[in-house]
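So the structure is just underneath, and the comments pick up after that.
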């Protein structure tokens, strides 16, 4: 997309916001967070709410939005900054690129701050600046009230579905992510440790000059859902679960998981469970369409998994009844997916404001409490579909659960599947007019296709 | 090193601290910092002051130190944590590993906090916890007062020189760093962009399951001292400057720079300047020894560079006089190096408390203001030696400087060296009994050696 097209899309976004929120608002981009000392900083990543309306990761900038008009506030870099960090875009230039209706240095922001709503950013220095300028204490982003809460609700309405610009950015991120997963598979035969496979995957993302959208999971211990250690040796007969996604230059995320056999081919038990998880994945995607309740996709995945596990003799009884009892959640303890956008769990800083339709709340049922999305799907939403099967000792060996589910599980049969500790299959899915479209469809998903990449 | 040796070294460190600080102190490890939303966090890195005494990057832990005794405060993970993050070391286990004299859950810390000194950590949540518990506002770490200032001074005394455990950890980091640089050289002939070379280098660090000690600089625009963009194409005839260092598992850093020709061989102009920078590097390392003032090494590097530039006809006049006038700083605008340890600029969170000997302050002279270390060297210190030559437009085209230095520079001769925009050569150097030892000596530094790695 050329610059004037981008400026046009950005203008449409703020006009859409104005339909839902009439008051003034100020959104800050934020600053770098220090790592182990103030000058050693983590790479800067602008606040997603700011990025949505600006499209560029400008550190220490702010925008004033009202009635579809955007005023940009930032300072031009000084000479010292050029010495250490090179030339940075100048405010006037940026203002033209984003189609701003005005541009001022930061110290002018104060006179625009009266009664402005905002969303708190992640870094502390900017948060303090927000509070000083607005002369009030800000609540956490997931506990907003008053005009901030109204603004957040309006932003959710605008960010919930995607325009062609964000879809194409997520597609760019998805393309690099697919290359990263292929590199991970290709590196597996010679990998000594999980870290070797992670390195091969992230090198693809780095070589495209992109960053990871989240901390990679690359592990032979897939039963640890957010495993972030990478030291284990790669031994034959295990499954490698890789949940790795690139983030596009303008912040849009992809989020993809594949699971593959370290030996190059699935054992029959691994294959049996893989096929069940794949069936759950496929059936959700077939069903996904505008108007469909995402929670129903989650339950569909759960029932498909339960049916498969009954057919293998691992679960006993009727699949629907097992799901009502949450027996499936012993093996599938997370939700089937979430919103995807500028954040990998999009707008999760606002708690469940984006994920849950108005009036809905998290359910505390074991099988539903981790469901992050509970809304009817709409055209233009992008969600992940990511069913999984895990043998988590902390769940399966919990005495209370063991008693509760003793009649549902055939432990002897389950023991035969001990080489399947974690499988997850995850794609990024765009809801279209009549159904859905997989943005990450180019990445192999069938066992035979995956095995072919492991040679 | 085995566990009991490590516990022994950790005990020696706290006993050494007790010689310089008799009061109680509490050091916190800190928590993860959020990236774009609270659940998407940057990888955890414990506070260096905590790490120094504990040797393990435990999130959300604290230690109470007094009279050489260490009490560990942390909570054991709950079941939910095991589901998402896997099993974590238990407090009792850790206490044995680090030779703690006691161990309690975090909520017991309050009764140990009376009159304890501390150093503020980097993340905001923990900083708030520190202030709440100590019931006082903490100043920034570079503006400490009272008992915190006394504690910081004592910690500087202990961390300023290294024991065999930290030396061996930095050596481990240095070994991986050397491999990373070799991989960067090897990747250069086929690299399309700076990002490709960065990816090859960081993949080595990632595959060793280590992290970068700081944001990598991998650029054909080496005149931007802390350049952190990686999008430029690799064209023949340029110089690639790579400042990349690994951090050991227990937090110890390495920090290494090499500069190499993208075409595979240095042009004669590139070679001429490279030889001068290398001479400055070598003469500093030959001279480095206990008792030598680090500032004198900086001036030695400056004079060596100035002499070389005079001999090439770029500078005019006497080298010593040119350095007194700061003319060298037009091309070498930073200090010749800094302390290296758990932080890549070690203890820089404390401002110049570690870098500058008591009573000394930064000088505001153009050629000295960026000098980060101004102390006599001591046996066991680890410092970087990193002279450089840069053509920074913001410096060379500044009208005031142009006037001031008009008689010192032969602009016509300088113009012949336009293919040399930035060269830096940096090694990690341990001060020994009688001189110094280069921890990163295995990495090629001679032009011919480097050219051999680029084939």
Among residues belonging to the range A:219-229 that are free of Cβ contacts under 8 Å to residues at least 60 places away in the same chain and under 24 Å from residue A:341 (Cβ atoms), point out the one that is farthest from the other protein chains (Cβ to nearest Cβ).
A:228
Restricting the range B:230-246 to residues that are in a loop (DSSP other than H, G, I, E, B) and more than 7 Å from chain A (Cβ to nearest Cβ), the residue that is nearest to the chain's Cα centre (by Cα)
B:245
At the interface with another protein chain (Cβ under 8 Å from one of its Cβ atoms) and either crowded, with 21+ Cβ neighbours inside 10 Å or more than 22 Å from residue B:171 (Cα to Cα) (or both): which single residue out of B:188, B:193 fits that description?
B:193
Hey, residue B:205 hits all of (1) at positive phi; (2) in contact with a helix residue (DSSP H, G or I) (Cβ under 6 Å, 6 or more places away or on another chain) but one; which does it fall short on?
(1)
Just checking, does the range B:298-310 include any residue being assigned by TED's automatic domain parsing to the domain that holds residue B:414, touching a residue at least 60 places away in the same chain (Cβ under 8 Å), farther than 24 Å from residue B:406 by Cβ and surrounded by fewer than 23 Cβ atoms within 10 Å (Cβ to Cβ)?
no
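Only one of B:216, B:169, B:207 is buried (at least 20 other Cβ atoms within 10 Å of the Cβ), more than 7 Å from chain A (Cβ to nearest Cβ) and closer than 20 Å to residue A:246 by Cα; which? If you could, list the steps in order and put the result at the bottom.
Numbers: B:169 fails: closer than 20 Å to residue A:246 by Cα; B:207 fails: more than 7 Å from chain A (Cβ to nearest Cβ).
The unique qualifying residue is B:216.
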First in the range B:134-145 and without any contact (Cβ under 8 Å) to a residue 12 or more places away in the chain, second anywhere and outside any helix (DSSP H, G or I) and loosely packed, with under 15 Cβ neighbours inside 10 Å, Cβ under 7 Å, 6 or more apart:
B:145/B:139
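Going by the structure shown, is residue B:297 outside any loop (DSSP other than H, G, I, E, B), more than 13 Å from chain A (Cβ to nearest Cβ) and out of contact with any helix residue (DSSP H, G or I) (no Cβ under 6 Å at 6 or more places or on another chain)? Reasoning before the result, please.
Details: outside any loop (DSSP other than H, G, I, E, B): yes; more than 13 Å from chain A (Cβ to nearest Cβ): yes; out of contact with any helix residue (DSSP H, G or I) (no Cβ under 6 Å at 6 or more places or on another chain): no.
Criteria not met by residue B:297.
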Residue B:231: passes all of (1) more than 22 Å from residue B:442 (Cβ to Cβ); (2) crowded, with 18+ Cβ neighbours inside 10 Å but (2)
Identify, by number, the condition in (1) part of a helix (DSSP H, G or I); (2) facing another protein chain (nearest Cβ under 10 Å); (3) under 25 Å from residue B:167 (Cβ atoms) that residue B:251 doesn't meet.
(1)
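Can you say whether residue B:257 is over 23 Å from residue B:429 (Cβ atoms) and either touching a residue at least 12 places away in the same chain (Cβ under 8 Å) or facing chain A (nearest Cβ under 9 Å) (or both), as far as the supplied structure shows? Spell out how you get there, then give the answer.
Details: over 23 Å from residue B:429 (Cβ atoms): no; either touching a residue at least 12 places away in the same chain (Cβ under 8 Å) or facing chain A (nearest Cβ under 9 Å) (or both): yes.
Criteria not met by residue B:257.
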Out of the residues in the range B:23-64 that are touching a residue at least 60 places away in the same chain (Cβ under 8 Å) and over 30 Å from residue A:344 (Cβ atoms), state the one that is nearest to the other protein chains (Cβ to nearest Cβ).
B:49
Is there a residue being surrounded by 13 or more Cβ atoms within 10 Å (Cβ to Cβ), under 14 Å from residue B:26 (Cα atoms) and within 25 Å of the chain's Cα centre (by Cα) anywhere in the range B:124-142?
yes
Considering only the range B:245-265, state which residues are in contact with a helix residue (DSSP H, G or I) (Cβ under 7 Å, 6 or more places away or on another chain) and surrounded by fewer than 23 Cβ atoms within 10 Å (Cβ to Cβ).
B:250, B:261, B:262, B:264, B:265
Just one of A:431, A:409, A:450, A:445 is surrounded by 16 or more Cβ atoms within 10 Å (Cβ to Cβ) and either within 14 Å of chain B (Cβ to nearest Cβ) or under 19 Å from residue A:338 (Cβ atoms) (or both); which is it?
A:431
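On the given criteria, is residue A:279 touching a helix residue (DSSP H, G or I) at 6+ places or on another chain (Cβ under 6 Å), farther than 15 Å from residue A:390 by Cβ and either crowded, with 18+ Cβ neighbours inside 10 Å or in contact (Cβ under 8 Å) with a residue 12 or more places away in the chain (or both)? Reasoning before the result, please.
Details: touching a helix residue (DSSP H, G or I) at 6+ places or on another chain (Cβ under 6 Å): yes; farther than 15 Å from residue A:390 by Cβ: yes; either crowded, with 18+ Cβ neighbours inside 10 Å or in contact (Cβ under 8 Å) with a residue 12 or more places away in the chain (or both): yes.
The answer is yes for residue A:279.
When you look at residue B:402, is it within 14 Å of chain A (Cβ to nearest Cβ) and in contact with a strand residue (DSSP E or B) (Cβ under 9 Å, 6 or more places away or on another chain), yes or no? Walk me through how you get there before you give the answer.
Details: within 14 Å of chain A (Cβ to nearest Cβ): yes; in contact with a strand residue (DSSP E or B) (Cβ under 9 Å, 6 or more places away or on another chain): yes.
Yes, satisfied.
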Considering only residues that are more than 14 Å from chain B (Cβ to nearest Cβ) and modelled with pLDDT under 95, which ones fall in the range A:65-89?
none
Determine if the range A:266-286 includes at least one residue that is in contact with a strand residue (DSSP E or B) (Cβ under 9 Å, 6 or more places away or on another chain) and either within 30 Å of residue A:9 (Cα to Cα) or not assigned by TED's automatic domain parsing to the domain that holds residue A:196 (or both).
yes
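Within the range A:148-156, does at least one residue satisfy the condition of being more than 17 Å from residue A:116 (Cα to Cα), assigned to a helix (DSSP H, G or I), modelled with pLDDT of 95 or more and under 18 Å from the mean Cα position of the chain (by Cα)? Break it down stepwise before answering.
We begin by selecting, within the range A:148-156, every residue more than 17 Å from residue A:116 (Cα to Cα); these are A:156.
Of the ones still in play, those that are also assigned to a helix (DSSP H, G or I) are A:156.
Those left that are additionally modelled with pLDDT of 95 or more: A:156.
Then drop every residue that is not under 18 Å from the mean Cα position of the chain (by Cα), which leaves A:156.
Scanning the range A:148-156, I find at least one residue that is more than 17 Å from residue A:116 (Cα to Cα), assigned to a helix (DSSP H, G or I), modelled with pLDDT of 95 or more and under 18 Å from the mean Cα position of the chain (by Cα), so the answer is yes.
The values are calculated or read from the model by the stated rules, or taken from the named source; none is laboratory data. From a predicted model like this one, the values you see are computed outputs, not experimental measurements. Ideal geometry is used to build each Cβ from the backbone, glycine not excepted, and the neighbour counts take in all protein chains shown.
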